[in-house]
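S.K.: Quick one: structure below, then a few questions.
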Amino acid sequence: MTHDHDLVLRPTPAQIEAALNPPPGRTGGDLVVETLSGLGATTVFGLPGQHALGMFDALRRSPLRYVGLRAENNAGFAADAYGRITGEAAPLLLSTGPGALLSLAALQEAAAASAPVVAIASQVPAAGLGGGRRGYLHELRDQQASFRDVVKSVHTARTPSQIPSAIAAAWESALTAPHGPVWVEIPQDVLTAETTLPVVTAMDATPEDVVPRPELTAVAAHLLAHAERPVIVAGGGVVRSDASGKLRALAERIDAPVVTTFGGKGAFPWKHPLSLQSWLEDRHTTDFLEDADVLLVVGSGLGELSSNYHTFAPRGRVIQIEADAGKLESNHPALGIHADARLALQAILETVGERTDPTAPERVAAVLGRVRDRLAAQDLGLEQRVVAAVREALPARAPSFWDMTILAYWAWSAFDARHPNTMHSAQGAGGLGYAFPAALGAAVADPSQPVLAVSGDGGAMYSLAELATARQYGLDVTWLIVDDGGYGILREYMTDAYGEATGTELTRPDFVALAESFGVPAVLTTPETLATDLAKSLATPGPSVVVLPALLRMFEPTHL
């Protein structure tokens, strides 16, 4: 019997001739970029360094588009966003030692958010591997060790012939559910060594599906169809697996209310009669979830934020669908289904019986009404107007990227993402500086839509250098900077906990003048003119900055 893949792998005479006579002047760096092209990559992010120059030189001979940022962590954030928007692996080219280490915060965020980033870094010459202290520039005792606890997998190529296989294995790992960052490192002398190996052509690194066990989905379908008060929690796994349609079909078939986690924003229509929206940091929502006799958790580990800071204590049966086996039942006992969210929801849909509950929309409306009443008692009109202004200005399908700032904390709960995979934040790992470089990566991934980045003035200071990147590549990103003169959320936390804040006040630049010094148009706005100014900036091609001086407050916590 002849299989299709046998036909694909059988070389033609022309391919044999090309393999026997590869073009001269190629190096290990060429094998890197040829492998990436063979895997389907079109764009790479990164920053050159001395040990990595073999890779960067090879880019000249490659069809790959290179997007260079001004700091490695920002390049990592850009690659992270490219992976989130496209669902494809995003190559990140780095140098050794300090350059590599500076990417760690970005790779931690990619790991927490399941973004497929393939980081390929140089190493000291091969003679320095294995812990010998030869005194090379950038030398670490064990560079891999710094990344092993952050990324999904680590791969090393010690010879040119190992490069294609190492990168292909990393690529497959990055794209196996749950997606995530991976690490490849190649010594400097391997990257610069001339090679007579054939040019790398098409590579197959197709990941295996994480398929649910049918007996588990059959039990889940039975429990949901016969539940009295079923509720669904939709996490980021629903968005990443493109399962929003199946989620809605299931919710409507069994009349189950749906709440989305902050990572799952947009997974379920915000104004649907069954939508509890995203008010997970509200005790009214927590109480409603605890009252469910069957709770279906899809693509979420019910971590700190999704569980209202671990105050959530379910009283009913929990069904958890999760592609990351480490998150299964990590917080609550459950019927744990290790699977891709889309495949598991499809399996449940094939067997679940129809269930009707005309009271479900009324119960959802009652919860949302209690949430609104609680907010109304706290004099938070300014904050709600700012959230509404951003929503009004942002086109429905335009992606937004949010830093760890008070307006983002509001947006997690209060912002209508409207479509799946359009709202992203750094809430996975919780580091500062994510929004603007990530938005640049999204603009590279899809130039058909403007992109919004939202930062506070503290977080903005991490990314100011990338104004030059935005200008250099003409990327269509509008950066909203909410300027409150410090680390606003930390100021609020410390004041509440200790009576006064320490280390939170900042001297900051004139952001408008600073942006204009990069050739990026900027405007100073007010809460009253924000919607108009932001819409105008988003409608104008190319980078822009909108600065909003405002002191925003968080709504009162309910977990204390």
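The values are calculated or read from the model by the stated rules, or taken from the named source; none is laboratory data. Bear in mind the structure is a predicted one, so any value in this text is a computation, not a measurement. Don't worry about glycine lacking a Cβ; one is built from the backbone with ideal geometry, like all the others, and counts go over all protein chains shown. Each accessible area value is taken on the protein alone, full model and side chains, heavy atoms only, with ligands, DNA and RNA left out. Shrake-Rupley method; radii C 1.70, N 1.55, O 1.52, S 1.80 Å.
S.K.: Determine the sum of side-chain charges near G28: Lys and Arg each +1, Asp and Glu each -1, restricted to other residues whose C-beta is under 14 angstrom from that of G28.
M.R.: -3
S.K.: For K536, go through the lysines and keep the ones whose alpha-carbon is under 23 Å away, minus same-chain ones fewer than eight residues off.
M.R.: none
S.K.: When only the heavy atoms of the protein chains count and the probe is 1.4 Å, how do T35, T42 rank by accessible area, highest first?
M.R.: Descending order: T42, T35.
S.K.: Counting pairwise Cα distances across the stretch 359-513, what percent come out greater than 19 angstrom?
M.R.: 59 percent
S.K.: Order of 416-422, 135-141 by packing, highest average Cβ count within 10 Å first?
M.R.: My ranking of the peptides, most packed first, is 416-422, 135-141.
S.K.: Further question: Going by Cα centres, the stretch 266-287 and the stretch 492-526 are how many Å apart?
M.R.: 32 Å
S.K.: Using only helices, what value at 222 nm comes out for the chain when you add -39,500 (n - 2.57) per DSSP H run of length 4 or more and divide by the total residues, to the nearest 500 deg cm²/dmol?
M.R.: -11500 deg cm²/dmol
S.K.: Compute, for D149, the solvent-accessible surface of its heavy atoms (probe 1.4 Å) with the complete set of protein chains present, and express it in square angstrom to the nearest 10.
M.R.: Counting only protein heavy atoms, the figure is 150 Å².
S.K.: Going by average Cβ neighbours within 10 Å, how do the peptides 44-51, 91-98, 493-500, 425-432 rank, with the highest at the top?
M.R.: 91-98, 44-51, 425-432, 493-500
S.K.: Got a sec? What order do E172, E329, E350 fall in by accessible area at 1.4 Å, biggest, i.e. largest, first?
M.R.: E350, E329, E172
S.K.: Can you compute the FRET efficiency between E194 and H310 using 1/(1 + (r/R0)^6), with r the Cβ-Cβ distance and R0 = 45 Å? Round to the nearest 0.05.
M.R.: Once the sixth-power term is evaluated, E becomes 0.20.
S.K.: Quote the accessible area belonging to E505 in square angstrom, nearest 10, computed with a 1.4 Å probe and with ligands, DNA and RNA left uncounted.
M.R.: 120 Å²
S.K.: Moving on to the next point. Whole Å is fine, so just give me how far the alpha carbon centre of the stretch 43-74 lies from that of the stretch 231-252.
M.R.: Value for the Cα centre distance between the two parts: 37 Å.
S.K.: Under 21 Å Cα to Cα from K246, which lysines show up? Leave out anything in the same chain fewer than 8 places away.
M.R.: Those lysines meeting the cut-off are K265, K271.
S.K.: Hey, another quick one. With point charges of +1 on the Cβ of Lys and Arg and -1 on the Cβ of Asp and Glu, referenced to the Cα centre of the chain, which listed residue (G369, P230, W171) lies farthest in the positive direction of the dipole?
M.R.: Checked the options; the winner is W171.
S.K.: Right, here's the next one. Tell me the net charge near F555. Cut-off is 9 Å between Cβ atoms, F555 excluded, with +1 for each Lys or Arg and -1 for each Asp or Glu.
M.R.: Local net charge: -2.
S.K.: Using the Cα centre as the reference, give the magnitude of the dipole from point charges on the C-beta atoms of the chain (Lys, Arg: +1; Asp, Glu: -1; all else neutral), rounded to the nearest 20 debye.
M.R.: Here the chain has a charge dipole of around 460 debye.
S.K.: Quick check for you: with a 1.4 Å probe and neighbouring chains kept, what is the accessible area per residue of the chain, in Å²?
M.R.: 40 Å²
S.K.: What is the packing order of peptides 184-194, 435-445, taking the mean over residues of other C-beta atoms within 10 Å and listing the highest first?
M.R.: So the order, starting with the most tightly packed, is 435-445, 184-194.
S.K.: Let me ask something additional. Please report, in debye to the nearest 20, how large the charge dipole of the stretch 76-165 is about its Cα centre when each Lys and Arg carries +1 at its beta carbon and each Asp and Glu carries -1 there.
M.R.: That gives a dipole near 300 debye.
S.K.: By how many nm would the segment from L349 to H226 lengthen if fully extended, with 0.36 nm per residue of separation less the alpha-carbon distance?
M.R.: 42.9 nm
S.K.: While we're looking at this one, here's another question. Looking at the chain, what % of its DSSP beta bridges pair antiparallel, to the nearest 5?
M.R.: Among the beta bridges of the chain, antiparallel pairing accounts for roughly 5 percent.
S.K.: With an 8 Å cut-off on Cα pairs and a minimum separation of 6 or more residues, tell me the relative contact order of the stretch 10-124 in percent.
M.R.: 27 percent
S.K.: Any chance you could run the full-extension gain for T495 through L524? It's 0.36 nm times the residue separation minus the Cα-Cα distance, nm to one decimal.
M.R.: Gain on extension, T495 to L524, equals 7.6 nm.
S.K.: According to the square roots a ≥ b ≥ c of the eigenvalues of the Cα gyration tensor, what is the shape class of the chain, taking rounded for a/c under 1.5, prolate for a/b larger than b/c otherwise, and oblate for the remainder?
M.R.: Since a/c reaches 1.5 but b/c is at least a/b, the shape of the chain is classed as oblate.
S.K.: Now, a different point. Sort H559, H226, H155 by heavy-atom solvent-accessible area, probe 1.4 angstrom, most to least.
M.R.: Correct descending sequence by accessible area is H226, H559, H155.
S.K.: Okay, moving on. Where a Cα-Cα gap under 15 Å defines reach, which aspartates and glutamates qualify for K152, not counting those fewer than 8 residues away within the same chain?
M.R.: Reachable aspartates and glutamates: D80, E109, E172, E185, D324.
S.K.: Still on this structure, I have one more. Hey, if you put +1 on the Cβ of every Lys and Arg and -1 on every Asp and Glu Cβ in the stretch 193-321, which of G301, S275, P198 ends up farthest toward the positive end of that dipole?
M.R.: The one lying farthest along the dipole's positive direction is S275.
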